[in-house]
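Each reported figure results from applying straightforward, stated rules to the coordinates on display, with no laboratory input. Please read all numbers here as calculations on a predicted model, not as lab measurements. No Cβ is skipped: glycine too gets one built from the backbone with ideal geometry, and neighbour counts run over all protein chains shown.
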Amino acid sequence: MDRMRGREDDRGEPTATRVAQALLGFRHAFLDFATCAIYLSTDRRGIPANFHSYEGLPDEVVTRRWMTGSVASVKPSLIAGFERNGVFYTRRSAARAAVEWLVIR
C-alpha cells in the first residue's frame, strides 16, 4: 500500500473485475485482523471512497499522522480488501467471487 498517498494502488486489478465487484455491492474496506474489525474506505468527511483510502480511518488504527492531519501510517495488522453485506473479502476472494457470481449458466 502506498502510505504516502494513503491509498492502495488498484491499477493491478483488471477493469472488468473492478466493475463487476462494484455492481455486486463490494465496497473498498480494511480488515484489522488483530481485532476482526472492518473499516469501510472513506475520505476525511466519511464519504465512501472508490479506492482504498486511509484518510477516513479511526484513530485506533492510525499510528501516526502528518502535521496536516493526513494519515502517515497505520497498524500493520490492517489488510486491504472489500466488504459486502458485512463480510470482508480479500482482493483475491472478491475477484474470484465476482467472476463466479457473474457466470451465466
Legend entry - Candidate set: the stretch 85-97, residues that are touching a residue at least 12 places away in the same chain (Cβ under 8 Å) and in contact with a strand residue (DSSP E or B) (Cβ under 7 Å, 6 or more places away or on another chain); chosen: the one farthest from Phe30 (Cα to Cα): Ala97
Inset, instruction - Go through the stretch 22-105 and tell me which strands (runs of 3 or more DSSP E), entirely inside it, have 3 or more residues that are under 11 Å from the mean Cα position of the chain (by Cα). - result: 27-32, 37-40, 78-84, 87-90
Legend entry - Unmet criterion (only one of (1) in contact with a Lys or Arg (Cβ under 8 Å, 6 or more places away or on another chain); (2) under 20 Å from Leu23 (Cα atoms)) for Ser73: (2)
Inset, instruction - Give the number of residues within the stretch 82-94 that are surrounded by 20 or more Cβ atoms within 10 Å (Cβ to Cβ) and either in contact with a Cys (Cβ under 7 Å, 6 or more places away or on another chain) or small (Gly, Ala, Ser) (or both). - result: 1
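Here is a yes/no grid of residues against (1) acidic (Asp, Glu); (2) within 24 Å of Ala95 (Cα to Cα):
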site: Leu23; (1), (2): no, yes
site: Asp32; (1), (2): yes, yes
site: Pro48; (1), (2): no, yes
site: Glu55; (1), (2): yes, no
site: Val61; (1), (2): no, no
site: Gly69; (1), (2): no, no
site: Ala80; (1), (2): no, yes
Inset, instruction - Of all residues in the stretch 25-77, count the ones that are among the aliphatic types (A, V, I, L, M), loosely packed, with under 11 Cβ neighbours inside 10 Å and within 30 Å of Leu102 (Cβ to Cβ). - result: 1
